[in-house]
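Novice: One structure follows; several queries about it will come next.
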Amino acid sequence: MEAAGDKDYVSGESRSDMLHIDFDNSYSRLPDRFFARLAPTPVAAPGLIAVNDALARELGLDPAALRSPDGIAMLAGNRVPLGAAPLAQAYAGHQFGGWSPQLGDGRAILLGEVIDAYGQRRDIQLKGSGPTPFSRRGDGRAWVGPVIREYLVSEAMHALGVPTTRALAAVTTGEDVYRETTLPGAVLARVASSHIRVGTFQFFAARGDVEALRLLTDHAIARHYPQANGALGLLEAAVAAQARLVAHWMSLGFIHGVMNTDNSHVGGETIDYGPCAFMDDYHPDRVFSSIDQGGRYAYGNQAQIAVWNMAQLATCLLPLIDPNQEAAVEAATAVVHGFADHYEAAWQARFRAKIGLLSPEDGDAALVEMLLGRMSVLRADFTRVFRGLADGTARQEFSEPDAYDSWAADWHARLAREGRTQPDAQTVMAQVNPAVIPRNHRVEAAIQAAVTGDFAPFHRLNDVLARPFDTRPEDADYRAAPAPHEAVRKTFCGT
Ligand code: AMP
Ligand code: MG
């Protein structure tokens, strides 16, 4: 692409065939203006933090080979595996509502794509892999903090059943990264169903490049929504997926933190774990991101922001929807407005199950809202209250138990109307209300230890998060809410 200076960045040096990966790189077959070709920048001394064995196998990779010196070299970006077509993707985006015509992978390299054990196409990307033509003033690197955070939280999201990018591996670089202080560098190997963002469409729409939009639309449909019919069909599917995704986040108290259009995945996966957080005590205005001064991406705003992002996608697709602009706008607007119904249905289904109900009745949403309202007034712990409904311990999560008791009277009446016994409802609830989430103070502690080279807290936390619905006695500490002095109220973008 032009901004990349049209250099051929693929060095071809140190390509490795020890680790066999069956690449099939469809993005790389798109026109040159979609990306800049370049290899990762090698690092001084790669060291393994973690390999995700189960995910490796799913991708047809040998976990032992990934742990070998050759595998670690690949994960650090020091060796480009045979068959890879490394590139940095171009995209644009609205960041906190402000338009940036060119962002792109400033610290990530897509190595290529593989077809997994289920026949699904998956991207393998290195994040923190060195500067690219899109780096602007950034160094192209990541420190160990954000790498560990993304690893832990994305894998926790997966275990919770939320569509998300995955973590295949993490390595240290043996190099320092300079932020406010000097910090150890790291690289995350990320896996995703694609890295197509709303901002990818915006990149081409802003340039009036309808031909590229057409190719990108076809590519996105083939990868994510093969049943979708044309650009309008893609929009419909993306809107529905985004509505389901955000409702799922809401049901877990998850706050993404940077819902910029470049962090909005067209396939409906959670992507780009920056200053994200799971709430401890509940309040709809909760914000953790240190850079989100206005609370744009607060917990309670996430659905609205997703609609805004989908409206940006719709705008990009207009020329492909109908040659008559008025007709295109009308059709696209109707689809974006459809978000509300998808979201409401998904939200109600999630929260209904969270209180042990499966068949809908008028007033269910009000019953849930009443509980949430009391939780917010008393700052009750989101995860522990809902899990407590399953385990019979919810009442003790309220500093004023009357607030729970009066709600519970209505709830029990509602359960009875559904013909559901308490144990029956508890079974439903224990399957959807996690006991363990990646609590901020735990993630923060894992990061603090990692900075000193101690990855034991990371491994232990990662292990517990893989079974979020279990209540093993030895994991009791991980189910506890933070003591007031432990609570982490701010998370940092920490690139
Ligand atoms: P993010 O806020 O992490 O979604 O990133 C927004 C944009 O900034 C993307 O284009 C990133 O590639 C870029 N970026 C973030 N951190 C760095 C960094 N350390 N070096 C270069 N580019 C970066
Ligand atoms: Mg991003």
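Every number in this text was worked out from the coordinates using simple rules, so none of it is lab data. On a predicted model such as this, the values are computed, not experimentally measured, just so you know. Please note: Cβ atoms are built from the backbone with ideal geometry, for glycine as well, and neighbour counts cover all protein chains shown.
Novice: For the chain, what does the helix formula give at 222 nm: sum of -39500 (n - 2.57) over DSSP H segments with n ≥ 4, over the residue count, nearest 500 deg cm²/dmol?
Specialist: Counting only the DSSP helices, I get -13500 deg cm²/dmol.
Novice: Moving to a separate point now. Cα axis of helix 325-337 to longest principal axis of the chain: angle in degrees, 0 to 90, nearest 10?
Specialist: The angle comes out at about 40 degrees.
Novice: If amide H atoms are built 1.01 Å from N in the plane of the peptide, which residues on other chains or at least 5 residues away come under 5 Å of the amide H of Arg79?
Specialist: The list, which skips near neighbours in sequence, is Met74.
Novice: Per the Cauchy relation, a quarter of the hull surface: what is the mean projected area of the convex hull of the alpha carbons in region 49-208, in nm²?
Specialist: 10.4 nm²
Novice: Can I ask one more? Angle check, please: helix 144-159 long axis (alpha carbons) against the longest principal axis of the chain (alpha carbons), in degrees 0 to 90, nearest 10.
Specialist: 60 degrees
Novice: Just to check, using Stokes-Einstein with a Kirkwood Rh over alpha carbon pairs, what's the diffusion coefficient of region 199-348 at 10 °C and 1.306 mPa s in µm²/s?
Specialist: This corresponds to a translational diffusion coefficient of 100 µm²/s.
Novice: Still on this structure: Calculate the spin-label point distance for Ala416 paired with Ala64, positioning each point 7 Å from the Cα along the beta-carbon direction, and give it in nanometres.
Specialist: About 6.2 nm separates the two model spin labels.
Novice: In whole percent, what relative contact order does the chain give with Cα contacts below 8 Å and a gap of six or more residues?
Specialist: Across the chain, relative contact order equals 14 percent.
Novice: Once the cut-off is 43 Å, how many percent of the Cα-Cα pairs in the chain end up in the long-distance tail?
Specialist: Tail fraction, whole percent: 16.
Novice: Same structure, new question: Tabulate in residue order the Karplus-calculated ³J(HN,Hα) for region 33-46, using 6.51 cos²θ - 1.76 cosθ + 1.60 with θ = phi - 60°, rounded to whole Hz; enter x for Gly and Pro.
Specialist: After applying 6.51 cos²θ - 1.76 cosθ + 1.60, I find 6, 7, 6, 10, 7, 6, 8, x, 8, x, 10, 5, 8, x Hz.
Novice: How far, in degrees from 0 to 90, does helix 440-451 lean away from the longest principal axis of the Cα atoms of the chain, to the nearest 10?
Specialist: The helix 440-451 is inclined about 30 degrees to the chain.
Novice: Taking θ = phi - 60°, what integer Hz values does the Karplus form 6.51 cos²θ - 1.76 cosθ + 1.60 yield along region 481-491, in sequence order, with x for Gly and Pro?
Specialist: 6, x, 5, x, 6, 8, 4, 9, 9, 10, 10
Novice: Let me ask you something else. What is the distance in Å between the Cα centres of region 93-139 and region 161-177?
Specialist: 13 Å
Novice: For region 19-66, just say rounded, prolate or oblate: build the C-alpha gyration tensor, square-root its eigenvalues into a ≥ b ≥ c, call rounded for a/c under 1.5, and beyond that prolate if a/b exceeds b/c, oblate if not.
Specialist: oblate
Novice: Right, here's the next one. Show log10 I(q)/I(0) for region 131-233 at q = 0.21, 0.23 Å⁻¹, two decimals, from a solvent-free Debye sum over equal Cα scatterers.
Specialist: Cα-only, vacuum Debye calculation for region 131-233: -1.10, -1.15.
Novice: Just grab the label-to-label distance for Asp477 and Glu330, each label 7 Å out from Cα along the Cβ direction, in nm (one decimal).
Specialist: So the two model labels end up 6.4 nm from each other.
Novice: Cα centroid distance between region 343-372 and region 297-340, in Å?
Specialist: 26 Å
Novice: So what's the gap between the Cα centers of region 29-64 and region 374-439, to the nearest angstrom?
Specialist: 43 Å
Novice: Using the Kirkwood radius built from alpha carbon pairs, what does the Stokes-Einstein equation give as D for region 267-368 at 10 °C and 1.306 mPa s, in µm² per second?
Specialist: Using the Kirkwood radius from Cα pairs, D works out to 97 µm²/s.
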